[in-house]
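**Student:** Mind having a look at this structure? Questions to follow.
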Amino acid sequence: MRFEQMPVADDLACRNLIARYAYRADAGELEAFADLFTPDGTWTRENSPPVALGGSGLPSETMVGREKLKLMIENSIINRFNRKFRHQMTDVLIEPGDGPDDATGLSRALVTDWRDGPGKIAMCAVYTWGFVRTTDGWRIKSASLRVLPE
């Protein structure tokens, strides 16, 4: 069986975006987080199990554009979670898209909550990524997550 692969430099650039996404979101770095996306980039929470079932309790929604992405981080990571959530991105898979300047990806995320002392797993999610090469390098075109359990 043969699998399509991205050129190594492009694969690493997309993986780096996922890592930066986690670090920038957790730190509440609004500008740096938004700059990971294209100007019309999207972020979607596909489902929203209640907190008691491992979800965030936040509504399903899609954010479009860098200003909305910054607002999302400000309202969730900073204001709601006091910058005490941590995303651990795992099982990253990057694949070629429709052309040399597009890529797709999948990853899992364990999100831990440190608001009440020692960290505990708050939720587990599966991310679906869309990447595009721009004049400024690779950027996230879309990020979509499904929180378990579905």
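**Student:** So, of the residues in the range 115-150 that are β-branched (Val, Ile, Thr) and surrounded by 14 or more Cβ atoms within 10 Å (Cβ to Cβ), which turns out to be nearest to Pro96 (Cα to Cα)?
**Tutor:** First pass over the range 115-150, keeping only residues β-branched (Val, Ile, Thr): 121, 126, 128, 132, 134-135, 140, 147.
Checking the rest, the ones that are also surrounded by 14 or more Cβ atoms within 10 Å (Cβ to Cβ) come to 126, 128, 132, 140, 147.
Working: Val126: 19, Thr128: 14, Val132: 10, Ile140: 14, Val147: 25 Å.
Here the residue is Val132.
**Student:** Just to be sure, is Leu30 open to solvent by 40 Å² or more (accessible area, probe 1.4 Å), among the aliphatic types (A, V, I, L, M) and within 22 Å of Pro149 (Cβ to Cβ)?
**Tutor:** Working: open to solvent by 40 Å² or more (accessible area, probe 1.4 Å): yes; among the aliphatic types (A, V, I, L, M): yes; within 22 Å of Pro149 (Cβ to Cβ): no.
So Leu30 fails the test.
**Student:** Restricting the search to the range 108-135, which residues are of a type outside the set (A, V, I, L, M, F, W, C) and modelled with pLDDT under 95? Give the steps one after another, and end with the answer.
**Tutor:** First, the residues of the range 108-135 that are of a type outside the set (A, V, I, L, M, F, W, C): 108, 112-113, 115-120, 127-128, 130, 133-135.
Once the filter is applied, which keeps residues that are of a type outside the set (A, V, I, L, M, F, W, C) and modelled with pLDDT under 95, the range 108-135 yields Thr112, Asp113, Arg115, Asp116, Gly117, Pro118, Gly119, Lys120.
**Student:** Going by the conditions given, is Ile78 at pLDDT below 95, farther than 18 Å from Val147 by Cβ, surrounded by 12 or more Cβ atoms within 10 Å (Cβ to Cβ) and aliphatic (A, V, I, L, M)?
**Tutor:** Yes: the conditions hold for Ile78.
**Student:** Let me ask something else about it. Would the range 41-58 turn up any residue that is of a type outside the set (Ser, Thr, Tyr), under 19 Å from Arg139 (Cβ atoms) and open to solvent by 30 Å² or more (accessible area, probe 1.4 Å)?
**Tutor:** No: zero hits.
**Student:** Identify all residues within the range 4-27 that are under 10 Å from the mean Cα position of the chain (by Cα), open to solvent by 20 Å² or more (accessible area, probe 1.4 Å) and of a type in the set (Gly, Ala, Ser); write none if there are none.
**Tutor:** Listed by number, the list holds a single entry, Ala19.
**Student:** May I ask you to list pairs of residues, at least six apart or on different chains, whose Cβ atoms are under 8 Å apart, with the first in the range 96-114 being free of Cβ contacts under 8 Å to residues at least 60 places away in the same chain and the second being assigned to a loop (DSSP other than H, G, I, E, B) and open to solvent by less than 60 Å² (accessible area, probe 1.4 Å)?
**Tutor:** As it stands, the answer is Thr104/Gly97; Thr112/Gly119; Asp113/Phe81; Asp113/Gly119, since those pairs meet every condition given.
**Student:** Just one of (1) closer than 21 Å to Arg108 by Cβ; (2) surrounded by fewer than 19 Cβ atoms within 10 Å (Cβ to Cβ); (3) among the charged types (D, E, K, R) trips up Lys68, so point out which.
**Tutor:** The single condition Lys68 does not satisfy is (1).
**Student:** Pairs, please: C-beta under 6 Å, at least 6 apart or cross-chain, first residue farther than 30 Å from Thr135 by Cβ and of a type in the set (Gly, Ala, Ser) and in the range 35-54, second in a loop (DSSP other than H, G, I, E, B) and modelled with pLDDT under 95?
**Tutor:** Hits for this filter: Ser48/Gly55; Ser48/Leu58; Ser48/Pro59; Ser48/Ser60.
**Student:** When the residues of the range 128-146 are filtered to those that are free of Cβ contacts under 8 Å to residues at least 40 places away in the same chain and part of a strand (DSSP E or B), which remaining residue is farthest from Leu93 (Cα to Cα)? Explain how you work it out, then say what you get.
**Tutor:** Going residue by residue through the range 128-146, those that are free of Cβ contacts under 8 Å to residues at least 40 places away in the same chain are 128, 130, 135-136.
From what is left, the residues that are part of a strand (DSSP E or B) are 128, 130.
Values: Thr128: 10, Gly130: 12 Å.
Selected residue: Gly130.
**Student:** For Thr112, are the conditions met, namely being open to solvent by less than 30 Å² (accessible area, probe 1.4 Å), over 13 Å from Asp10 (Cβ atoms), hydroxyl-bearing (Ser, Thr, Tyr) and assigned to a strand (DSSP E or B)?
**Tutor:** Details: open to solvent by less than 30 Å² (accessible area, probe 1.4 Å): yes; over 13 Å from Asp10 (Cβ atoms): yes; hydroxyl-bearing (Ser, Thr, Tyr): yes; assigned to a strand (DSSP E or B): yes.
Yes.
The values are calculated or read from the model by the stated rules, or taken from the named source; none is laboratory data. Predicted model only: the values in this text are computed from it and were never measured. Please note: Cβ atoms are built from the backbone with ideal geometry, for glycine as well, and neighbour counts cover all protein chains shown. Heads up: the accessible areas ignore ligands, DNA and RNA and are worked out on the full protein's heavy atoms, side chains in. Shrake-Rupley method; radii C 1.70, N 1.55, O 1.52, S 1.80 Å.
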